[in-house]
Amino acid sequence: MAVVAAEISPSFGAFLQHEAGVIHRGDFRISESPLSISVEATARLAEAARQMGINSEFPRFADGLLKRAEAAGYAGEEFAALIKVLRQE
């Protein structure tokens, strides 16, 4: 698992930098990662955690936030559009 984490770290760091730029610019048009992909992936992670009998609090929390973003109409925008839901809290 540590090897996988080490291999994806540079890509994940670049992704976070990109998404921060999207938020800073306020331009949420899809340029790298549509929020809809994360909605589907996070739902699968939450279900996998449940099936494996491991703590699923975080995946369920993330799944809930992403589903709220989808319901608000942000699925066709960049992942960073999630900030719009977070700012409503």
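The values are calculated or read from the model by the stated rules, or taken from the named source; none is laboratory data. Every value quoted in this text rests on a predicted model; they were computed, and no experiment measured them. Positions of Cβ are backbone-derived with ideal geometry, glycine not excepted, and every protein chain shown enters the neighbour counts. Accessible surface areas use protein heavy atoms only, side chains included; no ligands, DNA or RNA. Shrake-Rupley method; radii C 1.70, N 1.55, O 1.52, S 1.80 Å.
Here are the numbers:
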item: Residue-averaged 222 nm ellipticity for the chain, from DSSP H runs of 4+ at -39500 (n - 2.57), nearest 500; result: -23000 deg cm²/dmol
item: Answer label for Kirkwood radius over Cα pairs in Å (calculated), chosen among (1) 14.5; (2) 13.2; (3) 13.9; result: (3)
item: Estimated distance in nm for a label pair at His18 and Ser31, the labels positioned 7 Å out from Cα along Cα-to-Cβ; result: 1.0
item: Under the span-like rule (Cα at least 20 Å along the axis, Kyte-Doolittle mean at least 0.0), DSSP H helices of the chain; result: 2-25, 35-52
item: Solvent-accessible area of Leu65 with every protein chain in place, 1.4 Å probe, in Å² to the nearest 10; result: 20
item: Accessible surface, per residue, of the chain when the full set of protein chains is kept, probe 1.4 Å, Å²; result: 68
